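Peer 1: The following block contains the structure, expressed as structure tokens.
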């Protein structure tokens with residue numbers, strides 16, 4: 001197994017979270033992008049579909065925040081998902097400026113297909129960490145994100 005230390009000395013970055021988080025993110029994102037591109041969907045489609053499926057009627061603002069996307073990027077993804085009949089937008093009855101987004105049955109099926117591919121790509125990470133450390137990793141990532149939001 002290759003260690004990060006096998007390449008270059010990290011110097012002042014040896015205790016920094018950012019570079020390692022970026023390396024992990026880039027490796028995982030490349031795999032997710034490959035899964036979405038097969039279906040001719042924009043990058044971020046799986047994240048948006050999963051959030052919409054788990055939170056039907058969510059506002060686009062809430063989706064953008066949770067997906068880590070700016071609003072214009074989210075609108076582009078939502079537009080394409082809607083054109084492919086994977087989600088539907090509907091006006092809020094309480095706030096006409098707000099659109100709620102819901103997955104269609106085809107959207108839920110697409111989410112499951114995309115997730116199966118991404119889940120298989122993440123398997124080496126889960127296998128390397130094991131179930132207990134995987135839970136710890138996710139908890140630590142959530143705490144780190146919350147600390148930056150505070």
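What follows is calculated from the coordinates using simple rules that are stated; it is not laboratory data. Given the structure is predicted, the values throughout are model-derived calculations rather than measurements. Counting neighbours? That spans all protein chains shown, and the Cβs are built from the backbone with ideal geometry, glycine included.
Peer 1: Quick one: helix 45-54 against the long Cα principal axis of the chain, what's the angle to the nearest 10°, folded into 0 to 90?
Peer 2: Computed tilt is about 70 degrees.
Peer 1: Okay, moving on. Above 19 Å lies some portion of the pair distances; for segment 40-120, what is it as a whole percent of all C-alpha pairs? Don't skip to the answer; put the middle values down first.
Peer 2: Details: 921 of 3240 pairs.
Above the 19 Å cut-off, segment 40-120 has 28 percent of its Cα pairs.
Peer 1: For the chain, what does the relative contact order come out to in percent, with C-alpha contacts under 8 Å and a separation of six or more?
Peer 2: On the way: 122 pairs, mean separation 30.7, N = 150.
After rounding, I find 20 percent.
Peer 1: Something else: By how many nm would the segment from residue 149 to residue 79 lengthen if fully extended, with 0.36 nm per residue of separation less the alpha-carbon distance? Write down the numbers at each step before the final one.
Peer 2: Values: separation 70, 0.36 × 70 = 25.20 nm, distance 2.80 nm.
Fully extending the segment from residue 149 to residue 79 adds 22.4 nm.
Peer 1: Shifting gears a bit: Measure nothing but the geometry: give the 0 to 90° angle between the long axis through the Cα atoms of 17-38 and the longest principal axis through the Cα atoms of the chain, rounded to 10°.
Peer 2: 50 degrees
Peer 1: Mind checking the angle between helix 105-149 and the chain's longest principal axis? C-alpha axes, 0 to 90 degrees, to the nearest 10.
Peer 2: Once rounded, one gets 50 degrees.
Peer 1: Does segment 95-150 classify as rounded, prolate or oblate by the C-alpha gyration tensor (a ≥ b ≥ c root eigenvalues; a/c under 1.5 gives rounded; else a/b over b/c gives prolate, otherwise oblate)? Could you put the intermediate results ahead of the total?
Peer 2: On the way: a/c = 4.26, a/b = 1.29, b/c = 3.31.
Oblate, since a/c reaches 1.5 and b/c is not below a/b.
Peer 1: Here's a follow-up. If one computes the Cα centroid of segment 73-125 and of segment 7-29, what distance in Å separates the two points?
Peer 2: Cα centroid of segment 73-125 versus Cα centroid of segment 7-29: 31 Å apart.
Peer 1: Test of understanding: in a Gaussian network model of the chain with alpha carbons linked when under 10 Å, which of 49, 114, 24 would top the mean-square fluctuation ranking?
Peer 2: Of 49, 114, 24, the Gaussian network model singles out 24 as fluctuating most.
Peer 1: With each label point set 7 Å from Cα along the Cα-Cβ vector, what nm distance links residue 88 and residue 122?
Peer 2: Those two pseudo-labels are separated by 2.9 nm.
Peer 1: Pick the calculated P(r) over Cα pairs in 10 Å bins from 0, in percent for this structure from (1) 10, 31, 27, 16, 8, 6, 2, 0; (2) 11, 36, 30, 16, 5, 1; (3) 10, 33, 33, 18, 6, 1?
Peer 2: Checked against the structure: label (3).
Peer 1: Test of understanding: what is the full-extension gain from residue 25 to residue 39, defined as 0.36 nm times their sequence separation minus their Cα-Cα distance?
Peer 2: 2.9 nm
Peer 1: A further question follows. Hey, in the GNM for the chain with a 10 angstrom Cα cutoff, which one of 66, 16, 45 fluctuates hardest?
Peer 2: Result: 16 has the largest fluctuation of those listed.
Peer 1: How high is the relative contact order of segment 1-80, in percent, with contacts defined as C-alpha pairs under 8 Å that are six or more residues apart?
Peer 2: Working: 36 pairs, mean separation 16.4, N = 80.
Here the relative contact order equals 20 percent.
Peer 1: For segment 11-52, take N as its residue count and report Rg(C-alpha) divided by 2.2 N^0.38 Å. Spell out each step's value before the answer.
Peer 2: Details: Rg = 13.9 Å, N = 42, 2.2 N^0.38 = 9.1 Å.
Normalised Rg, Cα atoms only: 1.52.
Peer 1: Could you calculate the FRET efficiency of residue 55 with residue 16 from 1/(1 + (r/R0)^6), where r is the beta carbon distance between them and R0 is 30 Å, rounded to 0.05? Before the final figure, lay out the partial values.
Peer 2: Details: r = 33 Å, r/R0 = 1.11.
It comes out at approximately 0.35.
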